[in-house]
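The values are calculated or read from the model by the stated rules, or taken from the named source; none is laboratory data. Everything numeric here is computed off the predicted structure, so don't read it as measured data. Note: ideal-geometry Cβ built from the backbone for every residue, glycine included; neighbour counts use all protein chains shown.
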Amino acid sequence: MDPVEYDSGNQREFPDEIPEVSLNIPLEENLSINRDIDQKFSMPNQGFRTNFDQAWTVKVDTYSDLIELETALKNLKNLGYKVYSRYENDNKDEYGLFIGPTLEKEDSFNVVDELKNINGYNPEVQKYD
């Protein structure tokens, strides 16, 4: 099929016929699927992890004032901590400030020890959820 070319003002109709294409693939009416294929590609019974270790987080403090929360969050972030906040116990008036999570509980205890020496925080280790 030749390409359709348009020049200024002399347009030709675009052909609406689709040419027949032969892919040279023989089709069998009695095509069957080998049922043994599932055995070749079955998943191994072992080696997959189904239990996951508990993660830990450090609760720095609870705040009811957003400005205090933001100040503490920025200070801890500037010190290099991975900080996040969330509503405290579905109460939209209190916010918890957290550092973490960590996979090793000992790492969270190390953060608690560091925070006790900074700005009078009262941190505690909690399970991360």
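Summary of computed values
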item: The range 89-99: number of residues that are surrounded by 15 or more Cβ atoms within 10 Å (Cβ to Cβ) and either in contact with a Phe, Trp or Tyr (Cβ under 6 Å, 6 or more places away or on another chain) or basic (Lys, Arg) (or both); result: 3
item: Every pair of residues 6+ apart whose Cβ atoms lie under 9 Å, when the first sits in the range 67-82 and is under 25 Å from LEU103 (Cβ atoms) while the second is surrounded by 13 or more Cβ atoms within 10 Å (Cβ to Cβ) and among the aromatic types (Phe, Trp, Tyr); result: ALA72/TYR63; ALA72/TYR121; LEU73/TYR84; LEU76/TYR121
item: Test: residue in the range 104-115 that is surrounded by 15 or more Cβ atoms within 10 Å (Cβ to Cβ) and touching a Lys or Arg at 6+ places or on another chain (Cβ under 9 Å); result: no
item: Condition check for LEU27: modelled with pLDDT under 90, surrounded by fewer than 15 Cβ atoms within 10 Å (Cβ to Cβ) and of a type outside the set (S, T, N, Q); result: yes
item: Residue that is nearest to ASP53 (Cα to Cα), among those in the range 70-88 that are small (Gly, Ala, Ser) and surrounded by 15 or more Cβ atoms within 10 Å (Cβ to Cβ); result: SER85
item: Residue count for the range 75-89, restricted to those that are of a type outside the set (A, V, I, L, M, F, W, C), at pLDDT 90 or above and not in a strand (DSSP E or B); result: 6
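For (1) more than 24 Å from the chain's Cα centre (by Cα); (2) modelled with pLDDT of 90 or more, each residue gets a yes or a no:
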| position | (1), (2) |
| --- | --- |
| VAL60 | yes, yes |
| LEU73 | no, yes |
| ASN91 | yes, no |
| GLY120 | yes, no |
